[in-house]
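Read the structure below first, then the notes.
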Amino acid sequence: MLGAEKFMNINLKSNYSLLDTPCLILQESLLLKNLETAKNLSKSNHKRLRPHIKAHKSIEIAKLQLNYGAVGVCCTKLSEAEVMVDGGIRDILITSPVVGSVKLERLGKLSQKAKISLVTDNEQQVLSLSEVAKKYNTILSILVEIDVGQGRCGVQPGEDAYNIAKVINQAQNLQFLGLQAYQGKLQGIKRYSDRLAAVNDAMQKLANSLEYFKKNNLAVEIITGGGTGSFPIDVQLPFLNELQLGSYVTMDCNYALDEWDTSGKKKLFCQPLSILSTVISKPMPNKVIVDAGWKAVTNDGGMPITKNVDYLFEYGGDEHGIITCKQPIINLEIGDQVELIPSHCDTTINLYNYLYLVNHLGSRQLLIQARGMVV
């Protein structure tokens, strides 16, 4: 249990009646179960676990991940890494290129405080990283990012990736560490068999690159990538040795629709996260208005759903949500609370300054320190 002495004495059976809304709720028991699942699957398959903090953006949850077997964490943005280092996290991989003189200066200063690894897909960026590493008298570990189908950052597999790795090895104050490969588009493929085929196709490009490196006698220490949706497949790949899943901590209603094995029945991760809202109006017998709209829950992954009840949510504006039911009368009154499951946990959590971690004793507030860190 996390810091039981700090929990507020809230009767959870009364629908979190002392919590002001809208607010984020994270069920501690389900959170810990997800952490345990990721830890056990990674360990049993001899994989390093390096989760993304971009899903939760909380120093305390990042430290929990380290307690549950993670070797370090991933950050997408330099500002996220700065927050994590200030919070005591000492091993960070920044998974998106760090570019520009302002950011490079910040990177140099950050490298004095913690072990910072970075990715690149460009020879010019390699030279820039070398210059800042020399200026701050540090050694930066660099991974080459390979495009395995995302169509975003990343160099082409094979020879192109190898050529950048050679430049890294020849540059001063840089160390070639390995390869990064991520295909985000396939994480949400619903049918397990379709997702399995897509992951294997993407990762074959990574495997081919590793063969090219081996043939040319260049050692690759870390092969990192993957995500929450591909996790049960990634752990079985013989060449991928570090896993970057992120949303597994909180989950969302979009991921809940994924099949996790060929039977379509198994659910690998629980759903700890929800948004607590309050009914503020009942204009019709089968319709209520809640205090959570566009500014409280995102819909970039689809519409949120109501938790444990078959009601329909739609947006009523920035600060309002509309909940209806198929029956003539909805079983909700003004002042009642309704939990919503977001379609995309990452972007929804980024709207809030804190969340409430709840268990049978009550609730306590956790800061989301990296909220809004996009630079």
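Each value in this text was obtained by applying a stated rule to the coordinates, not by laboratory testing. In this text, all values refer to a predicted model and were calculated from it rather than measured experimentally. As a convention, Cβ positions derive from the backbone with ideal geometry for all residues, glycine included, and neighbour counts pool all protein chains shown.
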Over segment 28-250, what relative contact order in percent results from Cα pairs under 8 Å that are six or more residues apart?
20 percent
Quick one: which residues, 5+ away or cross-chain, put their amide H under 5 Å from the amide H of Asn286? H built at 1.01 Å from N.
Ile330
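Any idea what the relative contact order of segment 158-231 is, in percent, if you count C-alpha pairs under 8 Å spaced at least 6 apart?
48 percent
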Which residues qualify? For Ile305, with a placed amide H closer than 5 Å and at least 5 residues away or on another chain, they are Ile341
Dipole moment magnitude, nearest 20 debye, segment 114-217 about Cα centre, only Lys, Arg, Asp, Glu C-beta charged:
320 debye
If one computes the Cα centroid of segment 79-153 and of segment 315-375, what distance in Å separates the two points?
34 Å
Can you give me the span-like helices of the chain, meaning DSSP H runs with 20 Å or more of Cα extent along the axis and Kyte-Doolittle mean at or above -1.0?
28-44, 192-215
Based on DSSP loop calls and a cut-off of at most 10 other Cβ atoms within 10 Å, the longest stretch of the chain free of exposed trypsin sites (Lys or Arg not before Pro) is what?
1-264
State which entries of Lys39/Lys205; Lys47/Lys166; Lys57/Lys266; Lys287/Lys307 exceed 19 angstrom in Cα-Cα distance in the structure shown.
Lys39/Lys205; Lys47/Lys166; Lys57/Lys266
Highest to lowest packing among 117-129, 340-352, scored as the average C-beta count within 10 Å:
340-352, 117-129
Segment 275-303 residues near the modelled Ser17 label - backbone nitrogen below 20 Å, point 7 Å along Cα→Cβ
276-281, 291
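Can you compute the helix-only [θ] at 222 nm over the chain? Use -39500 (n - 2.57) per DSSP H run of at least 4 residues, normalise by all residues, nearest 500 deg cm²/dmol.
-8500 deg cm²/dmol
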Hey, what do the phi angles of segment 302-308 turn into as Karplus ³J(HN,Hα) couplings, whole Hz, using 6.51/-1.76/1.60 and θ = phi - 60°, x for Gly and Pro?
x, 6, x, 10, 7, 7, 6
